[in-house]
Amino acid sequence: MTTAPPSPFEYAPAPESRSIVDIAPSYGLFVDGEFVDGSGTPFTTVDPATEEVLSEVAAGTAEDVDRAVKAARRAFTRTWGPMRPADRGKYLFRIARLLQERAREFAVLESLDNGKPIRESRDVDVPLAAAHFFYHAGWADKLDWAGLGPGPRPLGVAGQVIPWNFPLLMLAWKVAPALATGNTVVLKPAETTPLTALLFAEVCRQADLPPGVVNIVTGAGDTGRAVVEHEDVDKVAFTGSTEVGKSIARAVAGTRKKLTLELGGKAANIVFDDAPIDQAVEGIVLGIFSNQGHVCCAGSRLLVQEDVHDEVVASLQRRIGTLRLGDPLDKNTDIGAINSHLQLARIRELVDIGEAEGAQRWQPACELPERGFWFPPTVFTDVSPAHRIARDEVFGPVLSVLTFRTPDEAVAKANNTTYGLSAGIWSEKGSRILAIADRLRAGVVWANTFNRFDPTSPFGGYKQSGYGREGGRVGLAAYLKEAR
């Protein structure tokens, strides 16, 4: 007697409620503790899963940025700079607790504006953002004992420009250390994802943060350029593309400004033949498909030792076939929407080039929604280091699989990139992991895991992935004057 194969398990929809968050029809700039009109032409921000317009947002001009910088300077000179460090820490603790109290609201808004699954916003982005404020709050009155030189002093006004892939988390990475070290802030969020930054402005008011300590100026590239080039900005911190990072480095060169750049990446995820395959496959999936691959440190190059290549690829394809793509607000969703139509076009272009150059594309059977910006999880095999798909940052759910025979070859291929942000190693041998990690030119190396972050650990890269470190004790130094 034969039996029919079991039907695949179906998940009932489990949508998070949009009513958790109240999105205003329009938003102004947040300057000197108040929402004010912008001088530029307003722009709209859309839900990438549906292309629905969420709100109209003010665009800041150079004049608006100047107002924000002046407000930040006043706050630094009169209020925040002279304040007792322990009292500054109390404000950061208050902000951290408010982020926790309003976590569900922030998570829903992040998924609506960014397109990432609610599980990631809820379980990663918002808790980590709060953790950064908690962690840095603890440093506020301990800087004299941080090993950063005698009598560490703040720089003054920090101009910060953040990307669209982790809007709230990148805000926390930038704002928390700046405030903990006594600086004030002018922040420019990405034009496609400004809403959680504007909700954070409400948290600043709720926490009674003194006016001018945090200023948020929304807009596009010209607004960010005005922040970076303003003469009264003492420190510039940027996370984003390598090309924009290069232009910022040129603009800051020859000035007194301190600069931190966290740019692109093309991380190698190295799987040795003694690796726990099932565990490695979960890490590979997490490394490249979380946040739709919109991760600067994504493990987009998979280096597999030859004798386990077929097993790893087969297991990986089976696992990818179980991923659920769809509504970002559904708690069952694994892969959400691509952030914008421009990014979707970039992904499609590089994937087409990958096929044209001879790499083999594989995608699971995947029904894409009719509206919105979507791209299925994609794996390329038969990839060589010369293929553009293995060299260029795709910033999407696209994985290139390469092979190696020896540890030396793995290191050579892993380092054969213009980037140097992160890497991963999968092996049962601790000695091998330590030996390989020591030879990789990457700012962060994960062992038998991937894409795990903690505010106590510094993060940053080498080569065209930028310079400087954010997070941890080391990250505080970027916001302090050097001892003389």
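General observations
- Built amide H within the under 5 Å cut-off of Thr193, gap 5+: none
- Probe 1.4 Å, accessible area per residue of segment 268-447, Å²: 39 Å²
- Rounded accessible area of Asp392 (nearest 10 Å², 1.4 Å probe): 30 Å²
- For Gly466, the residues 5 or more places off, or on other chains, whose built amide H falls under 5 Å of its own are Leu263.
- The label-point distance for Glu63 and Ser17, in a model that sets each label 7 Å from Cα toward Cβ, rounds to 4.4 nm.
- Per-residue HN-Hα couplings for segment 338-348 [Karplus 6.51, -1.76, 1.60; θ = phi - 60°; Hz; x = Gly/Pro]: 5, 5, 8, 5, 5, 5, 4, 4, 5, 4, 4
- Extension gain, Thr77 back to Arg361 (0.36 nm per residue minus Cα-Cα distance, nm): 96.5 nm
- Its relative contact order, with pairs defined as Cα atoms under 8 Å and 6+ residues apart, puts the chain at 18 percent.
- Overall form of segment 329-371 per C-alpha gyration tensor (a/c, 1.5; a/b vs b/c): oblate
- Contour excess over end-to-end distance, with Cα ends at Glu349 and Thr255 and 0.36 nm allotted per residue: 30.0 nm
- Whole-number accessible area per residue in Å² for segment 67-210, which is evaluated in the context of all protein chains at 1.4 Å: 32 Å²
- Structure-based [θ]222 nm, the chain - -39500 (n - 2.57) summed over DSSP H runs of at least 4, per residue, nearest 500: -10500 deg cm²/dmol
- Looking at segment 21-97, the GluC sites (Glu not before Pro) that sit in a DSSP loop and have at most 13 other Cβ atoms within 10 Å of their own Cβ are Glu51.
- The amide H of Phe404, built 1.01 Å from its N in the peptide plane, has Val304, Gln305, Glu306 as neighbours under 5 Å, considering only residues 5 or more places off or on other chains.
- On the beta carbon distance between Ala86 and Ala412, with R0 = 60 Å, the FRET formula returns roughly 0.75.
- For segment 191-206, Karplus couplings with θ = phi - 60° (6.51, -1.76, 1.60), whole Hz, Gly/Pro x: 5, 8, 9, x, 6, 6, 5, 6, 5, 5, 4, 5, 5, 4, 5, 4
- The phi torsions of segment 467-481, fed into the Karplus equation with coefficients 6.51, -1.76 and 1.60 and a -60° offset, translate into couplings of 8, x, 10, 10, x, x, 4, 4, x, 5, 4, 5, 10, 10, 6 Hz, rounded to whole numbers, with Gly and Pro shown as x.
- For Lys142 and Val53, the difference between the fully extended length at 0.36 nm per residue and the C-alpha to C-alpha distance is 27.5 nm.
- Amide N of segment 50-88 lying under 17 Å from the label point, which is placed 7 angstrom from the Cα of Ser26 along Cα→Cβ: 53-61
- Sulfur and carbon atoms: percent of accessible area, the chain [1.4 Å]: 51 percent
- Cβ-defined net charge surrounding Phe106, 15 Å radius [Lys, Arg +1; Asp, Glu -1]: -3
- The residue among Cys296, Pro210, Leu29 whose Cα reaches farthest toward the positive pole of the charge dipole of the chain, with charges on the beta-carbon of Lys, Arg, Asp and Glu, is Pro210.
The values are calculated or read from the model by the stated rules, or taken from the named source; none is laboratory data. What you are looking at is a predicted structure, and each value in this text was computed from that prediction instead of being measured. Cβ sites come from the backbone with ideal geometry, for glycine too, and all protein chains shown count toward neighbours. Surface accessibility is based on the protein's heavy atoms, side chains included, excluding ligands, DNA and RNA. Shrake-Rupley method; radii C 1.70, N 1.55, O 1.52, S 1.80 Å.
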